[in-house]
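One structure is given below, encoded as structure tokens.
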Amino acid sequence: MVYLYLKLIHVLFVILFLGNITVGVFWKVFAQKTKDPDKIAFAFKGIIKADKYFTMPGVIGITLFGIGGAIHGGFPILGTGWILWSIILFSISGISFMAKLAPLQKQIAALASDKEKFNWDEYHKLAKQWDFWGFIALAAPFIAVILMVLKPNI
């Protein structure tokens, strides 16, 4: 029974995490379409704040309850392919986020907040990088979910 509760909490944290990072893409695109630097700055400040309140707790909850569930479920973490590859994908997402995406978000928010320094060429350069690293940070955990649900023999 403990295993089922750990798995349930793990899945709830996955929903929180994936929901937030997916909605971040929506807000970026939505703000960008307005071509209003104030709205872009507001959206990115909101994305940064949402990462603090939802993404990071999601990472902690996914990790703790995932490991706890695997242990209580009798799954060898490094010896079960779908768990190992999900951890690798989750790590790729985290590294992409921490090393590239989070700094880009701060740069974009700062650029869009400063009307005197704002220019569209610089914004588009940063936004393209954000799109690339954001795709990696978003796609990797979605693939991990597929592995966790389908549990392929890998």
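Derivation of every value follows stated rules applied to the coordinates shown; laboratory data play no part. The model shown is predicted, which means the values in this text are computed figures rather than measured ones. Don't worry about glycine lacking a Cβ; one is built from the backbone with ideal geometry, like all the others, and counts go over all protein chains shown.
Numerical summary
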| item | result |
| --- | --- |
| All positions within region 20-29 that are out of contact with any Phe, Trp or Tyr (no Cβ under 6 Å at 6 or more places or on another chain) and surrounded by 13 or more Cβ atoms within 10 Å (Cβ to Cβ) | 21, 23, 24, 25, 27, 28 |
| So residue 70, is it assigned to a helix (DSSP H, G or I), in contact with a helix residue (DSSP H, G or I) (Cβ under 9 Å, 6 or more places away or on another chain) and farther than 23 Å from residue 4 by Cα | no |
| Where a residue in region 143-154 is at positive phi and surrounded by 10 or more Cβ atoms within 10 Å (Cβ to Cβ) and its partner, wherever it lies, is assigned to a helix (DSSP H, G or I) and not polar (S, T, N, Q), with Cβ under 8 Å and at least six apart | 151/82 |
| Candidate set from region 116-130 (those that are charged (D, E, K, R) and touching a helix residue (DSSP H, G or I) at 6+ places or on another chain (Cβ under 8 Å)); member that is surrounded by the fewest Cβ atoms within 10 Å (Cβ to Cβ) | 117 |
| Residue list for region 30-62, filter: basic (Lys, Arg) and part of a helix (DSSP H, G or I) | 33, 39, 45, 49, 52 |
| Breaking point among (1) touching a residue at least 24 places away in the same chain (Cβ under 8 Å); (2) surrounded by fewer than 18 Cβ atoms within 10 Å (Cβ to Cβ), for residue 51 | (2) |
